[in-house]
Amino acid sequence: MQNLFPNEKIENQPVVVRKIEKKVGQNDKGYYHLQISSGIKNYDAKIWNDNPDIAERIIPGCFAYISGVAKDFKGTLQIHINKIEKIENPSQELINKVIPSCYLNSEQMEKELFNIIETIQNEKIKQLLNNIFSNDNIKTNFLKKLQEQKYITHT
């Protein structure tokens with residue numbers, strides 16, 4: 001689902017539901033507006049059905065399988081979901097597939113952080129960031145927070 005094109009069909013694609021809101025369209029019919037993600041990609045999605053059972057089962061943070069079609073809406077890709085099924089107990093393999101992460105351990109990430117800081121042209125900002133991340137407590141907590149959010153691996 002990383003490179004979707006307009007009119008491309010989606011079948012049983014695992015996603016994370018980031019947001020779901022019930023709305024009313026111009027035709028006075030209810031629908032659901034969702035923000036979903038798979039890997040590093042985030043998508044706008046619609047369910048053109050106002051079945052209240054959807055909002056009871058599908059909540060922010062849950063994993064779900066979706067089927068539908070990608071549509072072009074004013075130059076932006078939007079997924080029209082015709083089937084959504086909550087994944088009750090996602091496996092660790094599925095979670096790793098759907099949640100964005102990189103394959104750097106915390107030591108590699110620390111090195112990359114300082115490499116990025118070195119590329120900053122504004123000397124005052126560069127010095128500020130070096131001062132902030134030279135504090136071991138701040139640096140450790142920053143990297144720990146990234147690990148908790150699964151942005152880097154635990155190695």
message = Once the convex hull of the alpha carbons of the chain is built, what does its volume come to per residue, in cubic angstrom?
response = 165
task = Would you work out if segment 9-97 is rounded, prolate or oblate? Take a ≥ b ≥ c from the square roots of the eigenvalues of the alpha-carbon gyration tensor; rounded if a/c is under 1.5, else prolate when a/b is larger than b/c, oblate otherwise.
result = oblate
ask   = What is the antiparallel percent of DSSP beta bridges lying wholly in the chain, to the nearest 5?
value = 90
message = Take the residue pairs Lys9/Lys145; Lys19/Lys145; Lys23/Lys97; Lys111/Lys145 and return only those whose Cα atoms are more than 27 Å apart.
response = Lys9/Lys145; Lys23/Lys97
message = Helix-only mean residue ellipticity at 222 nm, the chain, DSSP H runs n ≥ 4 weighted -39,500 (n - 2.57), per residue, nearest 500. What is it?
response = -9500 deg cm²/dmol
query = Given 0.36 nm per residue, what is the gain on full extension from Asn49 to Gln35 after removing their alpha carbon distance, in nm?
reply = 3.4 nm
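Since every read-out is calculated from the coordinates, none of them should be taken as a lab result. Everything quoted here is computed from the prediction, not taken from an experiment.
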